[in-house]
Amino acid sequence: MLVDSHCHLDYLQKDHDLDAVVGRAGRAGVGTLVTICTKLSEFEIVLGIAERYDNVFCSVGVHPHEAEGEGVKDSDRLIALARHERVVGIGETGLDYYYNHSPREAQIESFRAHIQAARQTGLPLIVHTRDGEDDTIEILRDEVARGPFPAVIHCFTGSAQLAAACLEMGFYISLAGVVTFKNAKELREVAAGVPLDRLLVETDSPYLAPVPKRGKTNEPAFVIHTAAFLAELRGLGPDQLAEVTTDNFFRLFGKAQRPPSSA
């Protein structure tokens, strides 16, 4: 069984039947999902979805796009909300200088507060970074020096330099459908070198559907295509890739309960 370590079921439910979405995932062999929080004002919606399904967990956090309006200045609220049994990660958080929907100062302040929450709770930090690699590396290194914390760079599309820095700090790298795109040669080169014990897979649905579903609304069931692509890239069988990435997920997201079928 595979794990979709990062999806947005609250976005999907606006136009889709979530029972059908989760059911299709299960039939495709995707046994565990993590639905990601991007706004604290919508946390109860995200949590409600996780409470509705035994195999769905969630995170708590503020996307960098929302840092100006909803960003956190300290970790207290994140830590309090993370006590819920269905919350298994902190984020997504990080830096997005591509769109700059929020001022960089607000993004950085909120990012550091999320890191503090991850450090205090022991839950993995879920990092989004786009066009802000240098600052991301600098902040993560500075914070690691203050005290360790677990983390994953989600939907990794960065450089070999970013991958090397994050792996050196002990973090995980999660790959989404972008790695299957024809123009993703450099990303595939990075993906080929990620240590197998640090590799996760995700959809980031409803965005970035992998080949052969590109152009369609992405959903957790489609993570099987990204996993199959990575298995071939790494010279593994699909079952091997599924076993490795699932083991990695439950090692990193230790609060998530592993279903008996993937034990």
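Computed from the coordinates by the stated procedures, all read-outs in this text should not be read as laboratory data. On a predicted model such as this, the values are computed, not experimentally measured, just so you know. Please note: Cβ atoms are built from the backbone with ideal geometry, for glycine as well, and neighbour counts cover all protein chains shown.
Structure notes:
- Loop-resident trypsin sites (Lys or Arg not before Pro) (DSSP state other than H, G, I, E or B) in segment 45-91 with no more than 15 further Cβ atoms inside 10 Å of their Cβ: 73, 83.
- Cross-link pairs 39/216; 14/213; 213/255; 73/185 - those with Cα-Cα distance over 29 Å: 213/255; 73/185
- Dimensionless Rg/Rh of segment 23-166 - Kirkwood Rh, Rg from C-alpha atoms: 0.97
- For the chain, alpha-carbon Rg and Dmax in angstrom: 16.7, 45
- Taking the number of Cβ atoms within 10 Å of each Cβ as an exposure proxy, the fewest-first ranking of 38, 203 is 38, 203.
- Spin-label pair residue 27/residue 45, simplified geometry with 7 Å Cα→Cβ offset, distance in nm: 2.7
- Averaging Cα coordinates gives a centre for segment 163-212 and one for segment 87-103; these two points are 18 Å apart.
- Within segment 138-180, backbone nitrogen closer than 12 Å to the virtual label 7 Å beyond the Cα of residue 97 toward Cβ: 138-139
- Label-to-label distance for residue 74 and residue 240 is 5.1 nm, based on points extended 7 Å past Cα in the beta-carbon direction.
- Here is the list for segment 1-104: GluC sites (Glu not before Pro) lying in DSSP coil, each with at most 14 other C-beta atoms within 10 angstrom of its C-beta, are 85.
- Normalised by the number of residues in the chain, the average gap of Cα pairs under 8 Å and 6 or more apart makes the relative contact order 20 percent.
- Debye, to nearest 20: dipole size of the chain, +1 on Lys, Arg Cβ, -1 on Asp, Glu Cβ: 560
- The ellipsoid equivalent to the alpha-carbon distribution of segment 84-139 has semi-axes of 22, 11, 10 angstrom, derived from the gyration tensor eigenvalues as √(5λ) and listed largest first.
- Net lengthening on full extension, residue 131/residue 196 (0.36 nm per residue, minus Cα-Cα): 20.8 nm
- Taking chymotrypsin sites (Phe, Trp or Tyr not before Pro) as exposed when their DSSP state is a loop state and no more than 12 other Cβ atoms lie within 10 Å, the longest site-free interval of the chain runs over 100-263.
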